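The structure appears right after this line, and notes come after that.
The values are calculated or read from the model by the stated rules, or taken from the named source; none is laboratory data. Nothing here was measured: the structure is a model prediction, and the numbers come from that model. As a convention, Cβ positions derive from the backbone with ideal geometry for all residues, glycine included, and neighbour counts pool all protein chains shown. For the accessible areas, the whole protein counts, side chains as well, though only heavy atoms, and no ligand, DNA or RNA atoms are used. Shrake-Rupley method; radii C 1.70, N 1.55, O 1.52, S 1.80 Å.
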Amino acid sequence: MIRRSAWAVLSLLVLTACGDGGSTQPTGFWFTAPQNDEQRLEVLHRARGIDPCALLSRAELGKLGAVRSVQNDQPDSCKAETGPAESYKGIDVSWAVVVATVQKGAKSIDKTIDGTRVSLAGNRENLSAEQFGQLVERSCTATAQFPSGAALMMFIDTPLGTEPCDLGEQLLHTAIAEWVKEPPRGTSPDSVHTVLTAADPCDVLPKLGVTVNPADRRMRTCDFTYRGDEISIAYGYEKQKSILGSRPDDQPADPIDGHVVYRDTDSTNDFHFYTAVVGQAINPSTPDPALGASVPTVSVTGKNDKVLTVDSSGGCNTPDLEC
């Protein structure tokens, strides 16, 4: 069946984190390429402020079929299930706000929608005839890339016998129009608010005496060199039992500021993973049957465990976040 289916740093993080369009080219912030670092950081700031779930309202999703669920599954993304609940009979859509140049597939179809470059890549075009015959559903990746460097990524799964990229193109029309309005966080009734909402994982860098080129920063991750080690920070929502180091036989790390910290070591590449749970479950009433509810997490990855585990002092001095 074919279906698409990271103590110093962590301590500070936990405490800090607690059809083609017309020929007229649109103007405005999202349609202007940044010319300096200040403008690049503004793109990230404004993109984090967008409520992803508001880009496709329940009313719009209802055109696909009865809306069974809409979930703010990550700080910058949402997913929806519509139509029949029977496996592979409904239409599932997930979409994410990103700031990066999205690489398109070799066989993608390029278009312009509302003055925005769009790439559509369906599984029919990227599979052999034999592989295509094994599919249980159709899928399409639809991407809208703004000149500002921000992008909207969308994934659509539909039943066999349908053309998901046609649907993706229609949904992008709506989502692009909503994007330029910049709906603030909380616009959608399905959006959730956590300590990670609109938070910047690179905010901790000044405390560490580290800088990162704004062009290399991303929405939910921050990669940098600290005391000779390559460190990666990630903010996200993870299902409780899928957190690395959370198995019953794993030995947890010492808690930080009252937050549970999990530790896991990748024996193949000698990477050390530390993950702290920094809030309550975002979906306590609808947990995953096998993996549990999703919780907001701050993760730090590096190879030098001594770099990750020394100097756990700090304080919560970020007024716009709850610690």
Practice task
Please give, to one decimal in nm, the separation of the simple spin-label points placed at Arg218 and Lys89, each 7 Å out from Cα toward the Cβ.
Solution key: 3.8 nm
Completion exercise
So the FRET efficiency between Ala129 and Glu230, C-beta based with R0 = 51 Å and rounded to 0.05, is 0.75
Problem - Karplus-derived HN-Hα couplings along region 215-227 (A = 6.51, B = -1.76, C = 1.60, θ = phi - 60°), whole Hz, x at Gly and Pro - result: 5, 9, 7, 10, 4, 10, 10, 9, 10, 7, 9, 9, 6
Fill in the blank from the handout: Given 254-260, 119-125, 199-205, the highest-first ranking by average Cβ count within 10 Å works out to 199-205, 119-125, 254-260
Practice task
Take every Cα-Cα pair in region 84-130 and report what % of them are more than 13 Å apart.
Solution key: 73 percent
Handout entry: 5 angstrom amide H check on Phe146, placed H, neighbours 5+ away
Key = Ala151, Leu152
Practice task
State, as an integer percentage, the relative contact order of region 65-148 based on alpha-carbon contacts under 8 Å between residues 6 or more apart.
Solution key: 20 percent
Exercise for the section: Using packing as a proxy for protection, rank 190-197, 137-144 so that the peptide with the highest average count of other Cβ atoms within 10 Å comes first. Expected result: 137-144, 190-197
Exercise for the section: Pop out the carbon and sulfur fraction of the accessible area of region 71-189 as a percent, whole number, probe 1.4 Å. Expected result: 52 percent
Exercise for the section: Report the extension gain between Gln39 and Lys306 in nm, rounded to one decimal, defined as 0.36 nm multiplied by the number of residues separating them, less their alpha carbon distance. Expected result: 92.5 nm
Practice task
Post the alpha-carbon centroid distance, region 173-238 to region 92-169, in whole angstrom.
Solution key: 24 Å
Fill in the blank from the handout: For Lys89, counting only lysines whose alpha-carbon sits under 20 Å away and dropping same-chain residues fewer than eight positions off, the answer is Lys63, Lys79
Exercise for the section: Give me the distance in nm between label points sitting 7 Å out from Cα along the Cα-to-Cβ direction at Gln240 and Thr112, one decimal. Expected result: 5.2 nm
Exercise for the section: Pull out the extension gain between Thr211 and Glu182, defined as 0.36 nm times the separation in residues minus the alpha carbon to alpha carbon distance; nm, one decimal. Expected result: 7.6 nm
Exercise for the section: Note down the nm distance, to one decimal, between modelled labels 7 Å out along Cα→Cβ at Leu160 and at Thr174. Expected result: 2.8 nm
